[in-house]
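The values are calculated or read from the model by the stated rules, or taken from the named source; none is laboratory data. In this text, all values refer to a predicted model and were calculated from it rather than measured experimentally. Don't worry about glycine lacking a Cβ; one is built from the backbone with ideal geometry, like all the others, and counts go over all protein chains shown. We work out accessible area using only protein heavy atoms, side chains counted, and drop any ligands, DNA or RNA first. Shrake-Rupley method; radii C 1.70, N 1.55, O 1.52, S 1.80 Å.
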Amino acid sequence: MAQHSTDSHAHGEDHAHGSLKSYIIGFILSIILTIIPLVVVMNHMFQATATILIIMITAVLQFVVQLFFFMHVRDRTGNQPRWNVMALIFGLAIVLVVVSGSVWIMAYNGVGY
Amino acid sequence: MLEKIKDFASDFFVTGDPLIYGADVSIGLAMIAIVVGLTYFKKWGWLWRNYLTTVDHKKIGIMYILASILMLFRGGVDAIMMRTQLAFPNLEFLHPEHYNQVFTTHGVVMILFMAMPFMFGLFNIVVPLQLGARDVAYPFLNALSFWLFFLGAMLFNLSFVIGGSPDAGWLSYPPLSELQFNPGPGQNFYIWGIQISGIGSLATGINFIVTIIKMRAPGMTFMKMPMFTWSVFATCVIIIFAFPILTVTLALLFIDRFAGAHFFTLDGGGNPMMYINLIWMWGHPEVYIVILPAFGIFSEIVSVFSRKKLFGYTSMVFAMLIIAFVSFFTWAHHFFTMGSGADVNAFFALSTMLIAIPTGVKIFNWLFTMYRGRIRFDLPMLWTIGFIPCFIIGGMTGVLLSVAPADFQYHNSYFLIAHFHQVLIGGVVFGYFAGMYYWWPKMFGFKLNETLGRWAFWFWNIGFYVCFMPQYLLGLMGMTRRISTFDWDTGWGPLNVVSTMGAYLMGVAFLFQVLQIAYSIKHREVDTTGDIWDAHTLEWSIPSPAPEYNFAVVPVVDSRDPLWVEKQRRAAGKLPKNPPKPVYAPIHMPKNSSIPIIMSTFFFIAGFGFVFLWTWMAVLGLIGVAGCMIARSFQYDTDYYIPVEEIEKTEASIRGTV
């Protein structure tokens with residue numbers, strides 16, 4: 001139900017979405033980034049710290065891959081504001097608060113044990 | 001064979017309590033009455049076409065509010081039972097286990113299945129109309145959200161008669177909610193009821209953000225949006241960032257219970273405190289989710305019923321957005337006593353006190369809007385005026401609670417109980433009632449009876465203070481929450497009796513409201529103008545109830561109070577008395593769909609399977625969900641156009657009498 005009077009491209013137009021090629025590249029990259037930590041963990045290839053580091057790095061890389069190949073973070077309709085980028089930045093800020101806040105609270109909490 | 005069935009049934013159904021047998025009978029009779037009634041009056045087809053499969057935001061809104069009033073009744077009965085037990089603590093009206101279940105379901109039902117759907121109902125009814133839009137951005141998703149909420153709520157409520165209710169408190173803290181201490185299906189009902197309705201809440205949040213960003217009438221910039229729509233925007237921002245945290249937290253708890261993981265267990269490296277930390281990251285923003293729309297409602301009502309523009313529009317917007325942002329930085333004030341040290345507690349105490357500043361700004365803006373206004377004391381305004389002192393006291397005690405060292409005294413006492421009921425009833429419930437009375441004529445085309453409404457208002461207000469003021473004192477006397485019995489030598493007896501009387505007064509108030517609605521349906525005070533309150537915003541520029549396409553011609557906006565400005569211009573002779581005949585164009589509308597209700601039913605089946613750990617049933621349900629998604633993605637015929645002749649006919653018939 002797009003309201004055509006304000007923005008004729010607001011809805012239902014396919015031109016803004018990715019191509020089959022970019023979807024396939026994104027899919028292959030995601031699978032590779034999933035298999036790496038799986039192999040590392042299943043074969044006990046590294047020490048614990050190194051393993052955790054590899055899992056984290058591949059996770060963040062996969063997050064970036066998905067944003068660019070599936071989540072259309074580069075897309076923009078007309079000269080509308082970049083709502084998706086704004087939402088992403090705000091989301092990252094909240095994630096930062098959630099993670100660092102939890103670490104802070106729980107770290108001090110551990111002192112009590 | 002017969003023995004086996006008997007064994008199964010005595011486990012499956014909740015047995016042994018006369019209260020529950022009574023409920024079984026009344027639920028059964030009510031269901032038979034509904035089925036017989038619908039069949040007798042041949043209303044099945046009407047119900048299916050007009051409500052169960054509708055994607056019309058106005059009808060979805062009505063269904064939300066209806067469901068939420070039912071849930072208010074259920075949560076209210078829970079409250080009355082608890083208060084009865086506490087007035088006669090040694091009577092064993094409720095056994096301790098039963099009492100635990102009652103306070104758990106009271107909390108969950110009131111917050112998640114009463115306040116949230118009431119809020120979503122008002123979003124649905126009001127926001128597209130205030131924006132000058134024909135529907136929300138994703139009408140199909142909107143219907144799906146409603147049915148997910150409704151069947152999630154039904155799954156949760158089913159625990160009352162099947163399997164047993166959850167009993168670990170409304171946020172179900174581990175280790176009590178872990179398998180070790182809570183092996184029954186009650187906790188699973190809690191997890192799956194909330195998860196399923198949570199998907200709906202998240203989708204609604206996204207839906208309304210997109211609607212507000214993309215579907216405003218031409219000329220309506222962000223700073224010309226009505227204040228209620230602004231509050232919805234702020235709320236939806238919180239919803240889409242807070243609800244995923246709840247989903248993940250409950251999923252981790254379920255993995256603990258289902259797959260034997262150790263996220264929150266006492267042994268195996270788990271840490272129950274992590275759950276408390278995570279759940280309040282959703283839980284605190286959640287209370288702002290439900291209060292911000294109430295602030296928006298009050299802003300609309302105060303300006304309309306004072307016959308003035310809203311004082312300090314810009315500061316209102318910024319106050320709301322600041323509250324939305326800071327709400328993500330205050331969660332640890334719910335567990336100051338956890339012992340995270342002085343630094344952590346000081347930070348979260350300060351951020352909590354900070355919230356009081358924008359809230360205070362809003363209160364003063366409302367007072368200044370009323371200042372020198374010609375105030376009309378209709379029901380919506382009455383509730384607004386009842387709200388202000390109540391919310392100020394609640395806010396003040398909130399600031400008292402935010403002082404971390406003092407909180408060690410207040411924590412989990414009745415002082416806390418009184419505080420959050422004061423902001424949730426005095427703020428949220430009063431706000432939504434005000435909104436219901438204000439927009440009721442827009443929903444149904446007739447007004448609710450004024451006299452009965454005033455009786456309900458006074459019973460609610462007096463009952464509220466009689467019930468909760470003694471609880472502050474009880475808290476200071478050392479009474480803690482979630483206890484079902486106490487000795488007379490504690491000295492808590494008399495105040496508890498007073499408090500219980502207040503609860504019964506509020507129960508009477510609710511009956512007055514039910515009576516008011518029934519009476520008003522029978523003796524309709526029909527509104528033919530569409531603008532019964534002489535209001536300011538676009539929703540009142542169209543007939544009541546609005547036709548299915550809302551606006552025959554999309555309005556063009558050039559001010560903050562478009563309808564009011566238009567009426568003033570017309571009175572001043574700057575606009576012609578009778579507007580020229582509008583030129584209609586065919587209107588693009590979404591088609592009804594039965595997929596939302598079917599898909600949500602499959603979700604319900606899957607959830608029920610997970611509750612009893614019947615994997616076959618859960619898998620069956622999830623296959624059904626996937627099937628519905630696939631079916632929907634191959635549906636191409638999802639919309640239609642209303643031709644011009646039909647618009648002309650509809651407009652003539654509804655405006656003909658004006």
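Some values worked out for this structure:
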| quantity | calculated |
| --- | --- |
| For the stretch B:314-444, convex hull of alpha carbons as volume per residue, Å³ | 125 Å³ |
| Anisotropy class of the stretch A:17-74 from Cα gyration tensor, a/c 1.5 cut | oblate |
| Dipole of the protein assembly as shown, positive direction: furthest Cα of B:A456, B:S303, B:F254, with charges on the beta-carbon | B:S303 |
| Extension reserve of the B:Y465-B:D17 stretch, reckoned as 0.36 nm per residue once the Cα distance is removed | 158.0 nm |
| Folded to 0 to 90 degrees: helix B:414-423 orientation relative to chain B principal axis, Cα | 10 degrees |
| The stretch A:17-74 - accessible surface per residue (Å², probe 1.4 Å) | 74 Å² |
| Ranked by how many other beta carbons lie within 10 Å on average, peptides B:13-22, B:609-618 from highest | B:609-618, B:13-22 |
| Too-long pairs where the Cα-Cα distance tops 31 Å, listed order kept, from B:K214/B:K522; B:K309/B:K522; A:K21/B:K58; B:K214/B:K591; B:K59/B:K577 | B:K214/B:K522; B:K309/B:K522; A:K21/B:K58; B:K59/B:K577 |
| Label-zone membership for the stretch A:91-105, site B:L350, 7 angstrom Cα→C-beta point, backbone N under 17 Å | A:101, A:104-105 |
| Separation in nanometres of the label points that stand 7 Å from Cα toward Cβ, at B:A33 and A:A59 | 5.3 nm |
| Interface residues in the stretch B:572-620 - accessible area drops by 40 Å² or more relative to the isolated chain, probe 1.4 Å | B:H588 |
| Projected label distance in nm at B:D267 and B:Y519, using a 7 Å step from Cα toward the beta-carbon | 6.3 nm |
| Quotient of Cα Rg and 2.2 N^0.38 Å for the protein assembly as shown, N being how many residues it contains | 0.98 |
| Interface size A-B, as summed buried accessible area [1.4 Å probe, Å², nearest 100] | 2600 Å² |
| Shielded by partner chains, the stretch B:310-348 residues - at least 10 Å² of accessible area, 1.4 Å probe, vs chain alone | B:F325, B:F328, B:F329, B:W331, B:M338, B:G339, B:S340, B:D343, B:V344, B:F347, B:F348 |
| Shielding by other protein chains, B:64-77, mean Cβ within 10 Å | 0 |
| Computed E for B:A585/B:L70 - FRET, C-beta separation, R0 45 angstrom, nearest 0.05 | 0.65 |
| Directionally averaged projected area (convex hull, Cα atoms, the stretch B:114-214), nm² | 6.9 nm² |
| Degrees separating the helix B:562-571 axis from the principal Cα axis of chain B, which is the longest one | 30 degrees |
| Total charge dipole magnitude, the stretch B:532-591, about the Cα centre, Cβ charges on Lys, Arg, Asp, Glu only, Debye to nearest 20 | 260 debye |
| Estimated 222 nm signal from helices in the protein assembly as shown, with DSSP H stretches of n ≥ 4 weighted -39500 (n - 2.57), rounded to 500 | -22500 deg cm²/dmol |
| Cα-based reach from B:K581 at 20 Å (exclusive), listing lysines while leaving out same-chain residues under 8 positions away | B:K567, B:K649 |
| Cα-Cα pairs of the stretch B:499-658 separated by more than 22 Å (percent) | 68 percent |
| Sites A:I32 and B:S559 - FRET efficiency at Förster radius 51 Å, r taken between beta-carbons, to 0.05 | 0.35 |
| On Cα atoms only, tilt of B:186-214 relative to the major axis of chain B in degrees | 20 degrees |
| All-pairs alpha carbon distance profile, the stretch A:66-106, 5 Å steps from 0, percent | 6, 20, 20, 17, 13, 10, 8, 3, 2, 0 |
| Accessible carbon and sulfur surface of the protein assembly as shown relative to its total accessible area, %, 1.4 Å | 72 percent |
| Heavy-atom accessible area per residue - chain B, 1.4 Å, Å² | 41 Å² |
| Computed E for B:M1/B:S26 - FRET, C-beta separation, R0 35 angstrom, nearest 0.05 | 0.65 |
